[in-house]
1. Nearest 500 deg cm²/dmol is fine: what mean residue ellipticity at 222 nm does the chain get from its DSSP H runs of n ≥ 4 alone, each adding -39,500 (n - 2.57), divided by its residue count?
2. Where the only charges are on Cβ atoms (+1 Lys, Arg; -1 Asp, Glu), what is the dipole of the stretch 62-159 about its Cα centre, to the nearest 20 debye?
3. Enumerate the lysines that LYS192 could reach by cross-link, defined here as Cα to Cα under 22 Å, with residues fewer than 8 away along the same chain left out.
4. Name the residue, out of GLU148, GLU205, GLU103, whose mean-square fluctuation peaks in a Gaussian network model built on the chain with Cα pairs under 10 Å.
5. Which of rounded, prolate, oblate describes the stretch 35-101, given a ≥ b ≥ c as roots of the alpha-carbon gyration tensor eigenvalues and a/c under 1.5 marking rounded, otherwise prolate only if a/b is larger than b/c?
6. To the nearest 10 degrees, how steep is helix 201-213 against the longest Cα principal axis of the chain, on a 0 to 90 scale?
7. Ignoring ligands, DNA and RNA, how do CYS140, CYS211 rank by accessible area with a 1.4 Å probe, largest first?
8. Return the inverse of the average 1/r over all pairs of distinct C-alpha atoms in the stretch 152-218, which is the Kirkwood hydrodynamic radius, in Å to one decimal.
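The values are calculated or read from the model by the stated rules, or taken from the named source; none is laboratory data. Small disclaimer: the values here were computed from a predicted structure and weren't measured. Note that each Cβ is placed from the backbone with ideal geometry, even for glycine, and that neighbours are counted across all protein chains shown. Note: areas computed on protein heavy atoms with side chains; ligands, DNA, RNA excluded. Shrake-Rupley method; radii C 1.70, N 1.55, O 1.52, S 1.80 Å.
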Amino acid sequence: MKEWLEKKGIKAKLQILEIFDYLSANRQGTEIKSLGLGLGRPYRVMFAGVLASCHNDFLYQMANAPRSYELIFYGSGFEPDRLHAEVNFKGFVSSDDLIATAEGDFGIVWYGPALEGGKGPLGEYLQYNAPHKMSLYIRCGLPVIIWEKAGLSSFVRDNKIGICISSLEELEDVFTRMTVEEYQEMKRNVKKINDRLSRGFYTFEVIKRACADLDIFF
């Protein structure tokens, strides 16, 4: 977004927040900590948000495609008659409650009508925005799955907190090759970012940089 604004001619000094902080006293529960991976259990992939197909049809394409991983949906607008396969639908859960009770091993940061990233206006928007959904997943203790060209994909890569892919069709191969040790490393890195988000770290840091730009020190 910073690059886009500069190309459009903005002259103001700009700072990059990186990711939205997520203040909540709640912490992820024991369900998240008790992984059970490496014992034959498939990965569980979670999505929280709008479930209506007119908004996120990729969810139903994922669900109906051949897959070994489980899908867990939280949110409103669910259309079960569009499914030909099983998903675990949890209904709407408030953000604070979700942080404490979420089930899953990964959270999907994805929008739009297709399994391929960047399709449709919502999918393309991922190039520029910083979805609050990603902060929520991290507060839930979950590594993320995100489009490789999304605005926050570099944050995911740099901090090693998830998977960057061009299409959700790649997940089967990614999960087949992923080791338990690799997943556990992502979890440890997520825990560090989780702590930062819970205390407003990124907001304070960007304010400090902005003040330094204005020669204001505190």
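1. The helix contribution divided over the chain gives -11000 deg cm²/dmol.
2. Computed about the Cα centre, the dipole is about 220 debye.
3. Here the lysines satisfying the reach criterion relative to LYS192 are LYS33, LYS133, LYS160, LYS208.
4. Top of the fluctuation ranking is GLU205.
5. oblate
6. 30
7. CYS211, CYS140
8. Taking the inverse mean of 1/r over all distinct Cα pairs, the stretch 152-218 comes out at 14.4 Å.
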